[in-house]
Amino acid sequence: MDSGAAVMVRGLRKSYRDVTAVAGIDLEINRGEVFALLGPNGAGKTTTVEILEGFRRRDQGTVSVLGHDPGRASRASRASRASRASRAWRARIGIVLQLASTGPELTVLEMVSHFAGFYPRPRRPEEAIDLVGLTAKAGSRISKLSGGQTRRLDVALGIVGRPELLFLDEPTTGFDPEARRQFWQLIRTLRGDGTTILLTTHYLDEAEALADRIAVIAAGRIVAEGDPGTLGGRSEAAARVSWDAPRGERTTVETSTPTRTVTELAREFDGEVPGLTVTRPTLEDIYLDLIAAPENIGGEQP
Amino acid sequence: MTERTATVGPGTSTDRAAVPLPSAWRLGAARGAIEVKAFFRDKMAVAFIFGLPSILLILLGSIFGSQAAAHGVTVGQLFTAGMIAGGIMSTSFQYLAIGIATERETGMLKRLSGTPIPPTAYFAGKVVQVMVCTVSETVLLVAVGMLFYHLHLPTQPGRWWTFAWVFVLGSAACALTGIAASSVPRSAASATPVITLPFTVLQFVSGVYVPFNDVPRWMGDVGSVFPLKWMAQGMRSVFLPEQGAALEPAGTWEHGRIALVLAVWIVAGLVLCTKTFRWQSRN
């Protein structure tokens, strides 16, 4: 029943009326891996994740999430056997959604304890609250939390069921830099426990810091997939060597052999090269190139 | 977000198989408990749901209440019986419609549907919450009526039986139509006006704020389509003297027709709910 991969997607397609949101996606997320899905708004990121979460039906393709077809969860209430299977599946995944700040009149601890009761083997509510750094606010009403504290509560509700697979949709939007760093530490802690994590984010530094693998989605297709260091040919991409030429103008060459260029320059200048810089494209450069021209890449899988 | 590690990892699916999912009954009870707790903490909602019908009853009763309607019935008694029906509808239809619309638009419903809680447990929680509020509301309004408007608790068992079935069928019909109506508002902010406006109109044309025989004929015909007019009529048959039946349009309490209309609304509400209920906002 359970195949090796936590998530397996083949040929996924979804359209809304005549707008194609997802135009044939293949994905494979291994168990225990932090996988980041990057892409601009409207690229099909949220549609893909919501199909995996069982919130949305797909038009075509096969999807397996922890060995279960999430498409069955969306119509599970009809048959009790299917309903029990989908409840058992839901008990194994965690979804972090953004709660509006106007929640019910409950405290953080009451809310997290209530959600813990839905799961067969939950974390202790106090532990989930501590993991997201909300212990000082455990007795506060949800309506009194700041924006960042509300987001931490969202995460606590997503992890209290001790999920095998956690979906995080833009989890750190609205966090201050320190809260983001603490959040990254939490993700590493969860990963250390063997939790598989699917993260969507706008922040490239976040993907680079956390993800084992990254997929870039643009116009409904995966345009690149790989680990942060090699994504989109980053490791083989030409380096830029720049220096100040003797007559004063800035000179730049793109080369796949920057060391040789620098050695030649050093010989030429007989010592220090004025204003020498050697840069490789950042993840952001690669990403912007990838999403700028998705039609050039045409949905080819790397 | 401290740097220590959590005590136990996610484990494998074989570990999990040993621990059964919490039962739907237990989860329904947990939902009911948390709904009731959150409701009674929301002071504005409590004041609105319980305060408004009581205040209106005292206002209307004080202005018109001493007048004798006819046949040994006072206008205060007419208002109290009607307001009990209106109160039942406010705690079932109005509160559910606004509450579920708000939960849908703030993402609470989507969040719950992403957990292993079965939908039946969610609705069981709503049933508990509606029952607690509706019983409290009815007790409160009966107490106000007895205190100020010569309302008497029925002494014949037959009247208590009528009270029981009008109460149960009426609140069931209103709760189901309330769940269906929760799909109408498009935002949390618009839920209260979108639901409250038609409900207020309905209370006028159903003889809650005005004795039904003072309502213009065409308005009364509109009111007769909906459950509230029949619930109010049923409550009058419980709390008014027997000769009060002469004030009804048909000259009798029409118990058979009341039961029939409420049963039709229960079926229609159930069909509407199953056809239209959504766990996610359309936005």
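The numbers here are math on the coordinates, done by the rules we state, and not lab data. Being a predicted model, the structure only gives us computed values, none of them experimental. Methodologically, a virtual Cβ is constructed for each residue, glycine included, from the backbone with ideal geometry; neighbour enumeration extends over all protein chains shown.
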* Asked: How would you rank B:Y209, A:Y119, going from fewest to most other Cβ atoms within 10 Å of each one's own Cβ?
  -> B:Y209, A:Y119
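Count, for each residue of B:97-108, the Cβ atoms from other chains sitting within 10 Å of its Cβ, then give me the mean as a whole number.
Working: counts 0, 0, 1, 0, 0, 3, 3, 0, 2, 7, 6, 6.
Mean number of neighbouring Cβ atoms from other chains: 2.
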* Taking chain A as a Gaussian network, Cα atoms linked when under 10 Å apart, which of A:P120, A:P40, A:P163 shows the biggest mean-square fluctuation? -> A:P120
* Treating only the Cβ atoms of Lys and Arg (+1) and Asp and Glu (-1) as charged, compute the dipole magnitude of the stretch A:220-294 about its Cα centre; round to the nearest 20 debye. => 80
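Counting every Cα pair in the protein assembly as shown, what percent are over 44 Å apart? Before the final figure, lay out the partial values.
Values: 61804 of 170820 pairs.
That fraction is 36 percent.
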* Dipole of the protein assembly as shown, positive end: most advanced residue of B:A33, B:L21, B:L262 [Cβ charges, Cα centre] -> B:L262
* To do: Putting +1 on Lys and Arg Cβ atoms and -1 on Asp and Glu Cβ atoms, find which of A:F55, B:T200, A:T252 reaches farthest to the positive end of the dipole of the protein assembly as shown.
  => B:T200
* Structure fact -> In whole angstrom, the spacing between the Cα centers of the stretch B:18-47 and the stretch B:169-207 equals 23
* Magnitude of the charge dipole, chain B, Cβ model with Lys/Arg +1 and Asp/Glu -1, debye to 20 -> 800
* Of B:W218, B:G234, B:F167, whose Cα points farthest to the positive end of the dipole of the stretch B:22-276 (charges on the beta-carbon: +1 Lys, Arg; -1 Asp, Glu; origin at the Cα centre)? -> B:F167
* Considering only A:F35, A:F118, A:F269, give the residue with the highest GNM mean-square fluctuation for chain A, with springs between Cα atoms whenever their separation is below 10 Å. => A:F269
* Pairwise label distance in nanometres, B:S190 with B:H150, each label 7 Å out on the Cα-Cβ vector -> 4.8
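Report, in debye and to the nearest 20, how large the dipole of the protein assembly as shown comes out about its Cα centre when Lys and Arg carry +1 and Asp and Glu carry -1 on their Cβ.
Values: 59 positive and 52 negative charges, 441 e Å.
Dipole magnitude for the protein assembly as shown comes out near 2120 debye.
What is the average number of partner chain Cβ atoms found within 10 Å of a Cβ in A:118-124?
6
For the cross-link pairs A:K144/B:K37; A:K45/B:K275; B:K43/B:K275, which exceed 23 Å when the distance is taken from alpha carbon to alpha carbon? Spell out each step's value before the answer.
Values: A:K144/B:K37 17 Å; A:K45/B:K275 29 Å; B:K43/B:K275 34 Å.
Distance filter (> 23 Å) returns A:K45/B:K275; B:K43/B:K275.
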* Principal-axis tilt of helix A:80-90 within chain A, Cα atoms, nearest 10 degrees -> 40
* Name the most mobile residue of B:V225, B:V142, B:V238, meaning the one with the largest mean-square fluctuation, in a Gaussian network model of chain B with Cα contacts below 10 Å. => B:V225
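Going by average Cβ neighbours within 10 Å, how do the peptides B:88-98, B:46-56 rank, with the highest at the top? Walk me through the numbers before you get to the answer.
On the way: B:88-98: 26.8, B:46-56: 16.1.
Highest to lowest by the protection proxy: B:88-98, B:46-56.
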* Using a simple spin-label model with points 7 Å from Cα along the Cα→Cβ vector, what separation in nm is obtained for A:T263 and A:A238? -> 2.1
* Structure fact -> With Cα coordinates, the longest principal axis of chain A makes an angle with the long axis of helix A:258-269, in degrees rounded to 10, of 30
